[in-house]
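The values are calculated or read from the model by the stated rules, or taken from the named source; none is laboratory data. Note that the structure is predicted; figures quoted are calculated from it, not measured. All Cβ positions, glycine included, derive from the backbone under ideal geometry; neighbour counts span all protein chains shown. The accessibility values were calculated without ligands, DNA or RNA, using every heavy atom of the protein model including side chains. Shrake-Rupley method; radii C 1.70, N 1.55, O 1.52, S 1.80 Å.
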Amino acid sequence: MNDAALDELLHSITGDVGRDLARRALNVENAQKLLLSIHGTGRVYSTTFWTDGRGRLRRGRDRVPHQASAPGEPPATDTGRLRATVSHVVATDAEGVYAEVGSGANPAVPGVKYALFLEQGTRHMAPRPWLLPSLDAAKD
């Protein structure tokens, strides 16, 4: 294989490597969305807060009780906002074709700031991993 053909193989989104990477990125995205659809087994509580259509947090009447995730489980869905921001993009840079998958990976779908806090936890909350487990779940 000559240098031009190798360069095309490694740097083309539409080449064999790019198409395979796009397929795998979609598998990981789907695994993330599936993990973010699981009901929690943690604490049950009722809240008066909700998110409006523009993503703003509002206070209103009591809502249906929410069952949170337990530490170590993927985050339990309440509004579905995190799951809605999960996307993937396949692009190229100087090193070749790459994929980004997760909340806000695609610039057309803005992410949420709390996604990484859920994955890694904080000093007040144990991790609710969903990014790394999605890689295992999406393996061929």
Efficiency of FRET between Ser37 and Arg58 - r from beta-carbon atoms, R0 25 angstrom, step 0.05: 0.60
Most positive-pole-ward Cα, Gly121, Val86, Leu131, against dipole of the chain from beta carbon charges: Gly121
Value at 222 nm in deg cm²/dmol, rounded to 500, when DSSP H runs of n ≥ 4 in the chain each add -39,500 (n - 2.57): -9500 deg cm²/dmol
Radius 15 Å from Cβ of Gly40, net charge of other residues (Lys, Arg +1; Asp, Glu -1): +1
Solution diffusion estimate, µm²/s, Stokes-Einstein, region 75-140, Kirkwood Rh from C-alpha pairs, 20 °C, viscosity 1.002 mPa s: 163
Exposure rank, largest accessible area first [Phe117, Phe49; 1.4 Å]: Phe117, Phe49
Folded to 0 to 90 degrees: helix 16-35 orientation relative to the chain principal axis, Cα: 10
Candidates per GluC sites (Glu not before Pro) in region 39-140, loop by DSSP, up to 14 other Cβ within 10 Å: Glu95
Mean shadow area of region 12-99 over all directions, Cα convex hull, nm²: 7.8
